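A short write-up of the structure that comes next.
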Amino acid sequence: MSIINRIFKARDKPKNQLPGSTYSFFFGSTSSGKTVNERTALQTTAVYACVRILAETIASLPLHTYRYTDRGKEKALEHPLYYLLHNEPNAEMTSFVFRETLMSHLLLWGNAYAQIIRDGRGQILSLYPLLPDKMTVDRAASGEIIYQYRTDRGVYALHREDVLHIPGLGFDGLIGYSPIAMAKNAIGMAIATEEYGASFFANGANPGGVLEHPGVVKDPKRVRDSWNAVYQGSGNAHRVAVLEEGMKFQAIGIPPEQAQFLETRKFQINEIARIFRVAPHLLADLEKSSFSNIEQQSLEFVKYTLDPWVIRWEMAIQKALFLPSEKKQYFVKFNLDGLLRGDYQSRMAGYATGRQNGWLSANDIRALENLNSIPPELGGDVYLVNGNMLPLSQAGQFYETKEEPTRA
C-alpha cells in the first residue's frame with residue numbers, strides 16, 4: 001500500500017451514521033427527556049432568534065466581487081459572479097434569500113450546500129441551495145470527494161466542482177457538526193421548561209394534587225374526569241371548588257417559585273446565546289446592558305461573532321466558485337463597514353482627523369457616507385494636510401523657495 005493510499009484510508013469515507021439529518025446520531029433524546037433535532041430546536045424562541053439574527057445579518061451584508069489592481073482593488077462589475085452573488089444567484093431567489101437560507105442551514109445542521117450550474121466553458125450560470133439533511137459526503141476509491149444528494153427520484157452524485165460547500169466547526173476539516181446536536185441537552189432543558197410552563201397554566205396555574213376520600217371510591221376515573229372537566233385549564237382558574245362526602249384536595253406538586261422556574265428559563269436563554277455566540281441584548285435580554293456599554297457589545301458582536309462566519313463564507317466561495325486561472329486575480333468580500341460605524345458625531349470627528357492629516361479626500365469621505373462624488377476639477381480627489389490646508393503635493397514648497405537670511 002502506498003503512502004498516498006494510507007493517507008486516504010485514514011480519512012476514508014466520511015458519511016452519515018443514520019439516514020435522515022446529517023449527523024443525526026447526535027440528535028435525539030436528551031437528559032431532560034425531550035427530543036431535540038433541527039426542527040424542534042427551532043421552535044424554541046432563543047434558538048429561533050439566534051438563527052434569525054445571524055442569518056439575516058449575513059444576508060444583508062453587501063457582497064462584492066473585486067479585482068486586484070496596482071493601487072489595491074476595484075469592483076469587478078463585468079465578472080458573472082458579481083451579479084450572481086450580489087443580485088440573483090438563480091431565477092427563483094434574490095441574493096438575500098439565498099444567503100439567508102444557506103446561513104440557516106449552516107447554523108442548524110453545521111453545513112451549507114449549493115449546487116453549481118456551469119456552462120460548457122466552466123462559467124457559473126446559477127447557484128441553487130441543497131438541503132443538508134439529504135446530502136451525504138463520501139470519498140471515492142481514488143480519494144476524490146463525492147457529494148451524494150437524495151431526492152424522491154433517486155440518489156445523484158455531484159463532483160466537488162459542482163458543489164459550494166460551507167462547513168462549520170468539525171473534526172476532520174471536511175464536514176461540520178451541528179451546533180444544535182452538540183448542545184442538545186441545553187436546548188432540551190429549554191424545551192422542557194417551556195412545556196412545563198405551558199402545562200402549569202393549562203392546569204389553571206395550580207400544581208397537581210390528589211383528591212382524598214375518607215371511604216372507598218368505586219369509580220376513581222369518573223371522579224377525576226369530573227374534577228378536570230370543571231377545574232382544569234387556565235379558563236377555569238380561581239373557580240370555587242365544591243367537595244362532597246368529606247373529600248379533600250391535597251396539592252403535591254412543587255410550586256414554580258420553589259423550582260426557580262423563571263430563573264431557569266432566563267438562564268437557558270443565556271445558555272443558547274452562548275452556543276451561537278450572540279450577545280444577550282440582541283435577544284431582548286437587557287439585564288446586563290446599559291447605554292454606556294451596548295454600543296461596545298454591538299462592535300464585539302461584529303468582531304467575534306460575525307467576522308469568523310464572514311471569513312468562512314469568503315474562503316468557501318473563493319475556493320469553489322472561481323476558476324483556477326481566476327483565483328489570483330479575483331476575490332469576494334463582505335462589507336462590514338456599515339455595522340462598524342459609530343454614531344454621527346464620532347464619524348464626523350474621525351473624518352475630520354483623516355481629512356486634516358492627508359489620508360482622506362472629500363470623495364473618500366463621501367463614498368463612506370454613500371454620497372455622490374465631487375468632480376475632480378472641483379477638488380474632490382485632492383488630499384490636504386493640516387495647517388494652511390495646502391494640497392499634499394505643495395507641502396514644504398514654502399521652505400524650499402525661501403531664501404536664507406544674510407549674515408552680517
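Overview of values
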item	result
Filter result (at pLDDT below 85 and closer than 29 Å to Gly168 by Cβ) within region 312-362	Asp337, Gly338, Leu339, Leu340, Arg341
Within region 344-367, tally of residues that are open to solvent by less than 70 Å² (accessible area, probe 1.4 Å) and either touching a His at 6+ places or on another chain (Cβ under 9 Å) or among the charged types (D, E, K, R) (or both)	3
Unmet requirement for Asn370, which otherwise passes all of (1) free of Cβ contacts under 8 Å to residues at least 24 places away in the same chain; (2) at positive phi; (3) surrounded by 13 or more Cβ atoms within 10 Å (Cβ to Cβ)	(3)
All positions within region 274-331 that are exposed (fewer than 14 other Cβ atoms within 10 Å of the Cβ) and at positive phi	Ala284
Close pairs from region 73-91: first in contact (Cβ under 8 Å) with a residue 24 or more places away in the chain, partner open to solvent by less than 100 Å² (accessible area, probe 1.4 Å) and in a helix (DSSP H, G or I), Cβ under 7 Å, at least 6 apart	Ala76/Tyr82; Leu81/Leu321; Leu85/Ser95; His86/Ser95; Pro89/Ser95; Pro89/Phe98
Residue count for region 352-388, restricted to those that are within 20 Å of Gly338 (Cβ to Cβ) and not polar (S, T, N, Q)	9
Candidates Tyr147, Tyr128, Tyr82, filtered to the one that is of a type in the set (Phe, Trp, Tyr), at pLDDT 90 or above and under 20 Å from Gly173 (Cα atoms)	Tyr147
Restricting region 363-391 to residues that are closer than 30 Å to Pro62 by Cβ and touching a strand residue (DSSP E or B) at 6+ places or on another chain (Cβ under 9 Å), the residue that is modelled with the lowest pLDDT	Leu384
Residue tally, condition more than 20 Å from His64 (Cα to Cα) and within 30 Å of the chain's Cα centre (by Cα), over region 331-370	5
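The values are calculated or read from the model by the stated rules, or taken from the named source; none is laboratory data. All values derive from a computational prediction rather than experimental measurement. Neighbour counts are summed over all protein chains in view; Cβ atoms, including those assigned to glycine, are modelled from backbone coordinates with ideal geometry. Just the protein is used for accessible areas: all its heavy atoms, side chains included, with ligands, DNA and RNA removed. Shrake-Rupley method; radii C 1.70, N 1.55, O 1.52, S 1.80 Å.
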